[in-house]
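Peer 1: Here it is: the structure, laid out below.
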Number of protein chains: 2
Amino acid sequence: MSAPPHRVVIVGGGFGGLHCAQSLARAAVEVTLVDRRNFHLFQPLLYQVATGALSPANIAAPLRSVLKKQRNTRVLLGEAVGIDAAARRLLLRDGELPYDTLVVATGSHHHYFGHEEWARLAPGLKTIEDATEMRGRIFHAFEAAEREGDPARRSALLTFVVVGGGPTGVELAGALAEIARHTMNHEFRSIDPGSARIILIESGDRILTPYDPKLSEKAVAALAGLGVVVRTGSMVTAVRENGVTVKTTAGEEIIFARTVLWGAGVMASPLGRIVAEATSAEVDRAGRLMVEPDCSIRNHPGIFIIGDLANFSHDGGRPLPGVAQVAMQQGHHVAKLIRARLDGRSLPPFRYRDLGSMATIGKRLAVAEIGSWRLSGTIAWLAWLFIHVLKLIRFESRVLVLVQWAWYYVSWNRSARLITGAQERSDESAGGAR
Amino acid sequence: MSAPPHRVVIVGGGFGGLHCAQSLARAAVEVTLVDRRNFHLFQPLLYQVATGALSPANIAAPLRSVLKKQRNTRVLLGEAVGIDAAARRLLLRDGELPYDTLVVATGSHHHYFGHEEWARLAPGLKTIEDATEMRGRIFHAFEAAEREGDPARRSALLTFVVVGGGPTGVELAGALAEIARHTMNHEFRSIDPGSARIILIESGDRILTPYDPKLSEKAVAALAGLGVVVRTGSMVTAVRENGVTVKTTAGEEIIFARTVLWGAGVMASPLGRIVAEATSAEVDRAGRLMVEPDCSIRNHPGIFIIGDLANFSHDGGRPLPGVAQVAMQQGHHVAKLIRARLDGRSLPPFRYRDLGSMATIGKRLAVAEIGSWRLSGTIAWLAWLFIHVLKLIRFESRVLVLVQWAWYYVSWNRSARLITGAQERSDESAGGAR
């Protein structure tokens with residue numbers, strides 16, 4: 001009689017968890033992938049859902065469908081709420097799962113630096129629901145402005161504040177500008193959507209801080225060309241129904257805006273702290289678990305933390321960034337390590353291979369750092385397009401994405417700009433329709 | 001100085017309202033189209049969203065985008081709550097709109113024959129939100145079944161009851177069967193999705209009553225071939241969390257099912273009764289307004305009711321059916337009449353030209369009545385496909401729909417099967433994951 005197979009439980013079907021599972025396809029292990037959602041989300045394109053260019057299903061692949069041919073793997077819809085490290089059991093909201101190796105890859109969510117009450121007023125962008133909520137707010141603002149008689153309120157409806165000058169904020173601001181200047185052209189009778197103000201607010205002294213300063217400048221120029229006002233060195237100190245308060249060295253200022261989008265803070269998912277308590281692992285200020293050079297937790301060689309949930313800082317101190325590449329490479333590394341251990345082998349520590357990073361601003365506008373190359377403009381945009389098309393190859397919906405991008409490219413039209421869900425919100429315009 | 005233009009206000013951007021607006025494109029009138037939603041919905045394909053084959057945006061076109069080139073027309077997002085017929089004003093929740101001619105085309109919604117408490121347990125299918133709710137329930141049931149240890153509860157999770165043997169019910173039941181037998185194949189480890197029971201319940205003595213009885217038989221045979229159990233002469237007398245009670249001549253029976261989908265009753269939208277009170281119009285049992293042969297309300301020649309909201313019964317008594325064709329032709333007729341009146345001409349009464357009806361059951365399975373033709377099987381399915389592709393030509397997303405249909409045709413895969421929104425519901429399975 002053979003020994004029971006080694007049980008690997010992976011929590012989270014994002015880039016890290018999914019790649020880990022896929023890298024275990026031919027291993028002599030029994031893999032269980034647990035996620036609260038039934039799909040893998042291609043998060044780098046979530047801003048395109050939030051701005052009506054793509055549909056949620058275009059960037060989401062059912063986990064079951066992705067893994068159906070991998071016979072050693074099963075997918076469970078479930079929510080992990082704790083672990084019993086001594087008994088090696090993952091605790092779910094309604095059950096438990098024993099494991100021999102546990103891989104935790106539950107990622108991060110946006111947070112508001114202690115102002116969680118801002119969440120309602122300034123939605124962030126991590127889930128499909130976030131994206132459809134944002135999409136509804138954006139397009140509803142133009143609709144309400146068309147009916148608003150009061151100039152001040154109309155102006156606030158046509159002012160969009162994006163908080164955070166990282167890739168998400170830059171991509172959102174650029175897309176908003178294209179919507180206002182191009183997509184909405186000729187569609188309104190009372191307002192000129194092109195007059196909308198889009199303000200990108202960044203507390204640091206430049207946007208896209210991980211990039212070369214030259215590229216930050218190029219991005220600012222590209223955004224300015226689209227009509228986006230970029231305000232660096234500006235800290236948001238309050239968010240209200242009708243706008244935000246911004247503090248600079250010159251003092252405080254109120255920007256009246258009915259739509260505020262949040263692309264600023266990121267916090268590790270709550271499961272991180274629960275795992276940390278159960279394993280006495282160290283946690284950083286962003287809630288990430290400090291991991292060993294092999295991505296495991298100290299004294300718990302059978303528990304791995306990968307992706308946004310991990311603070312991997314073995315290359316001179318700065319933790320690795322919270323990007324898909326890191327998560328995927330860590331997932332792959334952990335899978336290799338699991339296989340090596342089963343064979344009685346060991347592996348060198350995890351090393352991140354930086355394949356470059358890029359952010360897109362608009363049509364033929366992007367910035368990219370690939371190795372020692374610094375690209376901007378059309379060439380960076382083409383690189384962005386090429387790489388994202390390649391990445392989407394795994395997705396059944398890749399053809400759909402290409403068709404929609406091509407259509408948008410020639411027409412500026414965004415086919416998915418639906419106001420759905422809870423967006424039948426009260427707008428203050430009491431002035432009547434005429 | 002010329003006279004102010006004739007103001008036409010259209011309430012509702014469905015098939016009737018949108019076609020009326022479009023037929024007024026070159027008329028010397030000022031058109032305002034008011035809708036609560038910012039998009040026109042291609043409702044005949046809503047069941048494909050509910051079953052994960054298409055995304056909401058594939059069957060929804062932003063009204064603004066559709067009408068942007070029609071310079072005499074503006075689109076307003078707003079909710080009509082009443083009319084002041086004497087002063088000729090449409091009352092909105094937050095304002096009002098004066099009109100010279102009013103066209104009310106707010107359609108219908110599903111209803112539960114006085115059991116509105118069933119709505120929560122057995123969602124209907126009229127809106128995008130209904131469709132994503134249904135989609136979530138369907139795919140969540142399979143997920144919960146995979147984790148359910150108790151055989152009785154697992155069986156209830158794998159039992160799907162569709163109430164109502166009209167086109168919606170038939171299309172839903174057929175799609176559910178294809179999902180269970182084909183789409184989900186090889187995706188689960190604990191359950192066999194192909195063992196799911198799909199039960200279509202119809203209170204009348206046959207399904208698809210408006211069709212020739214021969215076609216009803218063909219539809220039953222096609223459904224049976226897919227594994228759907230069709231129960232005619234069966235009245236649903238209770239809906240609960242865990243199933244439905246069905247009454248037949250043989251007595252009452254309980255069917256244990258965790259997913260109950262409602263395709264049965266239809267009721268005119270609430271604005272109908274409000275308009276009826278304001279105009280002393282007669283209302284039928286389904287809440288529809290009795291209209292004159294020109295689609296206007298008696299004694300109110302400037303108020304027209306079209307589509308599902310109207311009871312047009314001038315051809316021998318039976319009201320015209322609540323289908324897109326009737327609404328579109330009525331919208332076109334009213335637009336022609338408005339133009340004729342401005343020229344001092346009159347028009348013959350509205351006459352419905354029945355272009356045929358069709359319902360699709362599955363891949364190469366459909367029934368169709370076109371004139372004196374009775375089609376079924378592949379030929380009916382091809383006719384259905386051809387006509388729907390033609391109808392979708394107006395839609396920017398038509399290419400996307402075709403790509404997705406083609407992909408489904410070769411792979412059975414449904415790319416849009418996301419569980420989103422409120423679907424993170426508690427499932428009763430407390431038995432644990434293993």
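The values are calculated or read from the model by the stated rules, or taken from the named source; none is laboratory data. Not measured: the values here are computed from a predicted model. A quick note on method: Cβ atoms are made from the backbone with ideal geometry, for glycine too, and the neighbour counts reach across all protein chains shown.
For every residue, the table says whether it meets (1) crowded, with 19+ Cβ neighbours inside 10 Å; (2) of a type in the set (A, V, I, L, M).
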{"position": "A:219", "(1), (2)": "yes, yes"}
{"position": "A:260", "(1), (2)": "yes, yes"}
{"position": "A:267", "(1), (2)": "no, yes"}
{"position": "A:270", "(1), (2)": "no, no"}
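Peer 1: Still on this model: Being closer than 20 Å to residue A:309 by Cβ and of a type in the set (Lys, Arg) is the filter here; which residues of the stretch A:67-102 pass it?
Peer 2: Within the stretch A:67-102, A:88, A:89, A:93 qualify.
Peer 1: For the stretch A:178-193, give me the residue count where each residue is among the small types (Gly, Ala, Ser) and either within 12 Å of chain B (Cβ to nearest Cβ) or over 28 Å from the mean Cα position of the chain (by Cα) (or both).
Peer 2: Qualifying residue count, the stretch A:178-193: 1.
Peer 1: Would a scan of the stretch B:98-116 turn up a residue that is among the acidic types (Asp, Glu) and modelled with pLDDT under 95?
Peer 2: yes
Peer 1: Of all residues in the stretch B:94-153, count the ones that are of a type in the set (Phe, Trp, Tyr) and closer than 19 Å to residue B:195 by Cβ.
Peer 2: Of the residues in the stretch B:94-153, 2 are of a type in the set (Phe, Trp, Tyr) and closer than 19 Å to residue B:195 by Cβ.
Peer 1: Still on this structure: Among the residues of the stretch B:86-102, is any touching a residue at least 24 places away in the same chain (Cβ under 8 Å), more than 24 Å from residue A:146 (Cα to Cα) and more than 14 Å from chain A (Cβ to nearest Cβ)?
Peer 2: No, every residue in the stretch B:86-102 fails to be touching a residue at least 24 places away in the same chain (Cβ under 8 Å), more than 24 Å from residue A:146 (Cα to Cα) and more than 14 Å from chain A (Cβ to nearest Cβ).
Peer 1: Sticking with this structure for a sec: Name the residues in the stretch B:1-30 that are outside any helix (DSSP H, G or I) and over 16 Å from residue B:76 (Cα atoms), would you?
Peer 2: Hits for the stretch B:1-30 are B:1, B:2, B:3, B:4, B:5, B:6, B:24, B:25, B:26, B:27, B:28, B:29.
Peer 1: Could you check the stretch B:62-75 and list, in sequence order, the residues that are more than 8 Å from chain A (Cβ to nearest Cβ) and farther than 11 Å from residue B:10 by Cβ?
Peer 2: The answer is B:66, B:70, B:71, B:72.
Peer 1: In addition: Check residue B:40 against each of (1) surrounded by 23 or more Cβ atoms within 10 Å (Cβ to Cβ); (2) modelled with pLDDT of 95 or more; (3) more than 10 Å from chain A (Cβ to nearest Cβ) and name the one condition it does not meet.
Peer 2: Checking residue B:40 against (1) surrounded by 23 or more Cβ atoms within 10 Å (Cβ to Cβ); (2) modelled with pLDDT of 95 or more; (3) more than 10 Å from chain A (Cβ to nearest Cβ), the one that fails is (2).
Peer 1: Within the stretch B:35-80, which strands (runs of 3 or more DSSP E) (wholly inside it) include 3 or more residues that are of a type in the set (Ser, Thr, Tyr)?
Peer 2: none
Residues are listed down the side, and each one gets a yes or a no for (1) among the hydrophobic types (A, V, I, L, M, F, W, C); (2) over 30 Å from residue A:307 (Cα atoms):
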| position | (1), (2) |
| --- | --- |
| A:104 | yes, no |
| A:109 | no, no |
| A:113 | yes, no |
| A:125 | yes, no |
| A:155 | no, yes |
| A:170 | yes, no |
| A:179 | yes, yes |
| A:182 | no, yes |
| A:188 | yes, yes |
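Peer 1: Among (1) over 19 Å from the mean Cα position of the chain (by Cα); (2) surrounded by fewer than 19 Cβ atoms within 10 Å (Cβ to Cβ), where does residue A:376 come up short?
Peer 2: The one condition residue A:376 does not meet is (2).
Peer 1: Taking residue A:249 as the residue in question, decide whether it is more than 25 Å from residue A:48 (Cβ to Cβ) and touching a Gly at 6+ places or on another chain (Cβ under 7 Å).
Peer 2: Answer is yes for this residue.
Peer 1: Can you tell me which residue within the stretch B:280-302, out of those that are touching a Lys or Arg at 6+ places or on another chain (Cβ under 9 Å) and over 24 Å from residue B:318 (Cβ atoms), is surrounded by the fewest Cβ atoms within 10 Å (Cβ to Cβ)?
Peer 2: Filtering first and then ranking leaves B:280.
Peer 1: Could you list all residues from the stretch A:16-31 that are surrounded by 24 or more Cβ atoms within 10 Å (Cβ to Cβ) and either out of contact with any His (no Cβ under 8 Å at 6 or more places or on another chain) or assigned by TED's automatic domain parsing to the domain that holds residue A:123 (or both)?
Peer 2: A:16, A:17, A:21, A:24, A:31
Peer 1: Kindly indicate whether residue B:171 is assigned to a helix (DSSP H, G or I), closer than 21 Å to residue A:64 by Cβ, in contact (Cβ under 8 Å) with a residue 40 or more places away in the chain and not aliphatic (A, V, I, L, M).
Peer 2: So residue B:171 fails the test.
Peer 1: If only one of A:320, A:271, A:355, A:365 is among the aliphatic types (A, V, I, L, M) and over 28 Å from residue A:214 (Cβ atoms), which one is it?
Peer 2: A:271
Peer 1: Here is a follow-up. What residue, of A:84, A:94, is over 24 Å from the mean Cα position of the chain (by Cα) and at pLDDT below 95?
Peer 2: A:94
Peer 1: Considering B:355, B:337, B:342, B:390, which residue is within 24 Å of residue B:13 (Cβ to Cβ) and crowded, with 19+ Cβ neighbours inside 10 Å?
Peer 2: Only one candidate qualifies: B:337.
Peer 1: Could you tell me whether the stretch A:252-267 includes any residue that is of a type outside the set (Lys, Arg), in contact with a Gly (Cβ under 9 Å, 6 or more places away or on another chain) and over 22 Å from residue A:172 (Cβ atoms)?
Peer 2: No; the residues of the stretch A:252-267 include none that is of a type outside the set (Lys, Arg), in contact with a Gly (Cβ under 9 Å, 6 or more places away or on another chain) and over 22 Å from residue A:172 (Cβ atoms).
Peer 1: Looking at residue A:391, is it in contact (Cβ under 8 Å) with a residue 40 or more places away in the chain and within 20 Å of the chain's Cα centre (by Cα)?
Peer 2: Yes.
Peer 1: Within the stretch A:81-96, restricting attention to residues that are assigned to a loop (DSSP other than H, G, I, E, B) and of a type in the set (Lys, Arg), which residue is farthest from residue A:37 (Cα to Cα)?
Peer 2: A:88
So that you can scan it fast, the table gives a plain yes or no per residue for (1) small (Gly, Ala, Ser); (2) crowded, with 23+ Cβ neighbours inside 10 Å; (3) more than 26 Å from residue B:409 (Cβ to Cβ):
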position: B:164; (1), (2), (3): yes, yes, yes
position: B:171; (1), (2), (3): no, yes, no
position: B:188; (1), (2), (3): no, no, no
position: B:196; (1), (2), (3): yes, yes, no
position: B:208; (1), (2), (3): no, yes, no
position: B:249; (1), (2), (3): no, no, yes
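Peer 1: Can you pull out every residue in the stretch A:77-136 that is acidic (Asp, Glu) and closer than 16 Å to residue A:273 by Cα?
Peer 2: A:79, A:84
Peer 1: Let me ask something else about it. Take residue A:121 and tell me if it is away from chain B (no Cβ under 14 Å), more than 27 Å from residue B:69 (Cα to Cα) and either in contact with a strand residue (DSSP E or B) (Cβ under 6 Å, 6 or more places away or on another chain) or of a type outside the set (Phe, Trp, Tyr) (or both).
Peer 2: Judged against the criteria, residue A:121 is a match.
Peer 1: Just one of (1) modelled with pLDDT of 95 or more; (2) more than 14 Å from every other protein chain (Cβ to nearest Cβ); (3) outside any loop (DSSP other than H, G, I, E, B); (4) within 30 Å of residue B:33 (Cα to Cα) trips up residue B:131, so point out which.
Peer 2: Unmet condition: (2).
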